[in-house]
Structures are given as structure tokens and as C-alpha cells.
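Have a look at the structure below, then the notes.
Every number here is computed from the coordinates shown, using simple stated rules; none is lab data. This structure is a prediction, so every number in the text was calculated from the model and none was measured. Because the Cβ atoms are built from the backbone with ideal geometry, glycine has one as well, and the counts that use them run over all protein chains shown.
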Amino acid sequence: MIQSCQFEIVNVRLLTIPTLQIQPFRTLFKVHYELSQTFVNRPCLLLVLQRENAASCFSQILQGYSNTNNRKLLDSYDHMMLTSTNKQTCENQIKFFFDFLPDRCKDQMEIQ
């Protein structure tokens, strides 16, 4: 589905954020304690996706799907989406999970 919507998968990783990393995680992503507990010591699938107008296109994908209660996925899980407000923060967030960010991503990164 992601590729059919013209997203390019730049990087993928399955990891568990250890408890020792909770404070740096909360600081970098500006999430409150309760939400950070959702990500800590549990498997997390991380995707770095790229495409023009990525944020709005990804939201449209989530709006098109419903969960078992017939609530839109975006309504159910938008509070769990980790977003950035500027390019440097975005780079730092990606580097928190990945060892590097490909140069082709840095050159194309724009925050909306």
C-alpha cells in the first residue's frame, strides 16, 4: 500500500527502545510520559518514508482505513504519530533510531 501511494521506503528497522533511553526520547520527540511508555520496552516498527507532500498523503492513507470499531485509523492513532517542526529536529529524530540519514533524504527534507 505504501509503495502504491508512491512513497519510497528509505529505511526500516524493528527495535525496542530501552528504559534508559526514555528521557532522551521524550525530550527529542516532545511526548508526555504516558505516551512514551507506549514505545518503551515494546517492539516498534520504524519506517522512514519519502515522497512529495508526504505528511498530507500519509494522513490520507490513514483516513481511508477503519479499525474494528469503524473509527478511522487517523482518529484512533494520530496522537501516536511522531512528527517534526523543523528540518534539524527531523534529522535528529531519525538519527535517534537509525545510524545515519542518507544524503538524498537530507537534500529533500521539508517540514510543512
With surrounded by 11 or more Cβ atoms within 10 Å (Cβ to Cβ) and not β-branched (Val, Ile, Thr) as the only criterion, which of 20, 14, 35, 45 stands out? 35
Could you please let me know if residue 2 is free of Cβ contacts under 8 Å to residues at least 24 places away in the same chain and either surrounded by 11 or more Cβ atoms within 10 Å (Cβ to Cβ) or over 19 Å from residue 90 (Cβ atoms) (or both)? no
